[in-house]
Structures are given as C-alpha cells and as structure tokens.
Amino acid sequence: MIKPELDAIIIGGGACGLMCAVQAGYLGKRTLILEKNHQVGAKILISGGGRCNYTNLYTDHQNFISNNPHFSKSALSQWTVDDSISFFETYGIIGQEKTLGQLFPTSNKAKDIVNIFIDLCEQLDQKITLSADVKSVEKTTDGFEISYEQHGKINKIKAPNVVMASGGLPIAKMGATDFSLKIAKQFGLNIHQTAPALVPLTITGKEEAWYASLSGNSIKAIASNDEISFEENILFTHWGLSGPAILQISSYWKPGMKIEIDLLPHQNIIELIEQERSINGKKTLGNFLNRFYTKKFVDAIASLIPTSKNLASLTKEDFITISEFIHHFKVKPAGDKGYDKAEVMRGGVDTNELSSKTLESRKVAGLYFGGECVDVTGWLGGYNFQWAWACGFVIAQNI
C-alpha cells in the first residue's frame, strides 16, 4: 500500500493546530496546516496584551465549563502543565508566574511562542499554507478532500485525516469563523448552543449613566452567582462592567441572571466602621470610605448610602444599608459585549460526539476536533491555551 503524501490536513493555524503539527512531526507524520490569515497564531499574538499567558500552573478539569465536565480529564492528563512548561523551556521560553498561577514568557513577547512553532514546522517538514480559505471538507473512500481558495484560485488536496482546529467565533477581525461548527453539522454531529464567554457585561437603562460616571475605577472584589464565585478586580466602564472577576463570571452568566459583588472581600465593613467611630465618631462615612475606594467612587455612591453622615450618627438601618451595598452589591446585566470583545466561545461541538482519549469523531473516522470549537471552555488565565496544547498533542498521537 502506498503511503499518502500527508497524514493529516489541519484546518487552522492557532494554538491547537500548531501544536498538532509539531507533535505529529516528532512522530514522523506529515501534516499540512491551512490557515485563513496571512500569518499563523493570530490569537496567540494578541493574547495577554501581546504577552501570551500560555498556561496556568493550577490547571484542573474543574477550571473548564462543559456539558460534560469530565471530558477534558483525558486530554489534560495526556499533556499536562508540566509538559507545556518543559516543551517551551526546551526552546528557550522560561515562564514567570504573575497572578493566580498565570504563566507568561519572561520576554513578555507572544511572538516568541509563535516563532517556536514556525521554526519547528520548518525543521520537521510540516507544511503551512497561509491565506487559505477552506471552502469544503468532503469524505472520500480513503479519507477526505479539502477545497480551499488562495489568492483567487481554488485548490484541492486529499488526506486520510482532517483536524478541525479553526477556533470559535470571538474576534472576527482576527479571522474567527464558525467553520468547525459548520463541518460538524455537515457530518451530523450535535452542537451545544454557543455564546460569548470571558466577556464584559453591559448595563442599560436608568443605571447606565451611573456606571459610566465610574468608568476607569477598578476594585478588588468577589463576583458570584448561585453556582460559583471569583475574587479578582472588577472594572467599571462606559458600558457597564469588565475586569478579570467579571470576565470570569460572564462564562456562567445568562440573560436575566443577577450577579452579586462583594466590594470589600474578607473584611466586615460594619466592624471597621465601629472600630473607627470609637476613635473618631465625627468623621463622615465618606471620608472613612476613602480609605478603601477612590473619591470618584465614594462621591458616586452618595445617593445609595449615607456618606455625608458622621460615623457616630449612623443608625441600625444605615448599617444594614451600608452592609448590603458593600458586601452584596447586586448587578443585573442587560447583555454582554459580544464576540468582538469576548476572549473565547462557550459551547461548541458536543463532547459526546468525540472520543475523550483521541478527540476523533465517533461517527466519522479520521475527523478530529480540538481547541475552542469543542464544548470545553476554560477560565481566564491560560487555561484555554493549556486545553489547546493538550488537544494538539492528543490528536497528533492518533492521526
């Protein structure tokens, strides 16, 4: 039997696709990456403000949202955080931990990550075709035929395996599409409803102006709902709320839901006020709160709590009002900022359609799905990259 020229065609040159090509190359397999953009790794290059938070030291399957919360276990155990760290260190990327286990290159340059893959693909004879807009994926008797357009010309190429690693819907200007989902549907695979995740939330109506007046104010807080809570900064914006804690909770938010925010975590505002008024009861509540918040924020909340009162004259009812506001600040977002501002997509290819050990379609032999298009969505902080690297590795072992 004549060995095919290619072992696999990889659609998408992002984190999953690049890792898949390199790992396949280590095994002596030959792949071709078809990348729609004029460069590979477009989302890697903009991640972490151009610094690329490429993994998280504390990655666990519980850091991922999925209709099957156990699905990610297999891939994450086959390619661990230690594997990611070791892989990048081998090629000169030394990680430095920022906050909450987030690992960045010491160079703070995302392009260093991308360049590793470009160099390795060249060394391992893994082909990359840029500006390749894939038009169709068709099943043949011995594999698949891919049709793609490049510089106005339609090209066709065949391979026994196809890897769908074209990402999700966020950031269309970076070339994001729903192509992987369309191919999944074409082959009869179920799709879980998609939505923007890790995305700022909007406030409209009578409260809109109040939030806008606080634009730029950042506060360490705990954002929570009935399911989960996140302790990081929140950021007031012209349209509502952003910041790490809000981005995190947004992945668990649906229209109509409320979010509760503790604006002074691990402290009791009433106890702090009582301590202060035993020393200086004439101090106003507003002046006291300046210890914890900006003047802009304290001025803005004057209509909600009695900031002009001195501490000695605060009543029991005042204490209840203050405590409710500081520790149980309620927010009912109107919506989110959509895919253009979202970091990732929630939902995607139903994990029940895929083997957790190989990421191959259960219905279509030789068809693999990895990365963001699968219904596995990580938290903010390097988790989605770890999932992408793991997917790339796992698929490469099995094509």
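No lab work stands behind these numbers, since they all come straight from the coordinates. Since this is a predicted model, take the numbers as computed values, not measurements. Here the Cβ is made from the backbone with ideal geometry for all residues, glycine too, and neighbour counts use every protein chain on show.
The table for this structure:
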{"read-out": "Anchor LYS156: lysines whose Cα lies under 30 Å away (excluding residues fewer than 8 positions away in-chain)", "value": "LYS3, LYS29, LYS36, LYS43, LYS127, LYS135, LYS139, LYS173, LYS182, LYS185, LYS363"}
{"read-out": "For segment 131-148, Karplus couplings with θ = phi - 60° (6.51, -1.76, 1.60), whole Hz, Gly/Pro x", "value": "6, 9, 8, 5, 9, 7, 10, 10, 7, 10, 5, 10, x, 9, 10, 9, 10, 9"}
{"read-out": "Degrees, to the nearest 10: 15-26 long Cα axis against longest axis of the chain", "value": "40 degrees"}
{"read-out": "Stokes-Einstein D for the chain, Kirkwood Rh over Cα pairs, 25 °C, 0.890 mPa s (µm²/s)", "value": "107 µm²/s"}
{"read-out": "Cβ-derived FRET efficiency at R0 30 Å, LYS363 paired with ILE154, nearest 0.05", "value": "0.60"}
{"read-out": "Simple label model, 7 Å out from Cα along Cβ direction - LYS254 to THR106, nm", "value": "4.7 nm"}
{"read-out": "Under-5 Å amide H pairs with ILE191, H placed in peptide plane, nonlocal only", "value": "ASP350"}
{"read-out": "Crossing angle, helix 110-123 versus the chain [Cα axis fit, 0-90 degrees, rounded to tens]", "value": "10 degrees"}
{"read-out": "Reachable aspartates and glutamates from LYS153, criterion Cα separation under 13 angstrom, eight or more residues apart if same chain", "value": "ASP133"}
{"read-out": "3J(HN,Hα) from dihedral phi, segment 210-222, Karplus parametrisation 6.51/-1.76/1.60, rounded to Hz, x for glycine, proline", "value": "5, 5, 4, 5, 9, 3, x, 6, 10, 9, 5, 8, 10"}
{"read-out": "Beta bridges by DSSP in the chain, antiparallel share as percent, to the nearest 5", "value": "75 percent"}
{"read-out": "Table column - 3J(HN,Hα) (Hz), segment 163-175, Karplus curve with 6.51, -1.76, 1.60, x for Gly and Pro", "value": "10, 8, 10, 8, x, x, 8, x, 6, 4, 5, 8, x"}
{"read-out": "The chain - percent relative contact order, Cα under 8 Å, separation 6 or more", "value": "25 percent"}
{"read-out": "Residue-averaged 222 nm ellipticity for the chain, from DSSP H runs of 4+ at -39500 (n - 2.57), nearest 500", "value": "-8500 deg cm²/dmol"}
{"read-out": "Relative contact order of segment 200-337, defined on C-alpha pairs under 8 angstrom at six or more residues apart (%)", "value": "30 percent"}
{"read-out": "ILE46-THR141 pseudo-label distance in nm [points 7 Å out on the Cα-to-Cβ vector]", "value": "4.5 nm"}
{"read-out": "The chain: angle of helix 383-398 to the longest principal axis, Cα-based, in degrees nearest 10", "value": "20 degrees"}
{"read-out": "Segment 54-138 - percent relative contact order, Cα under 8 Å, separation 6 or more", "value": "26 percent"}
{"read-out": "Rh by Kirkwood over Cα pairs, then Stokes-Einstein D for segment 200-337 at 1.306 mPa s and 10 °C, µm²/s", "value": "103 µm²/s"}
{"read-out": "Cα centroid of segment 290-320 to Cα centroid of segment 130-191, whole Å", "value": "58 Å"}
{"read-out": "Residues LYS182 and GLN96, FRET efficiency given R0 of 25 Å [Cβ-Cβ distance, rounded to 0.05]", "value": "0.05"}
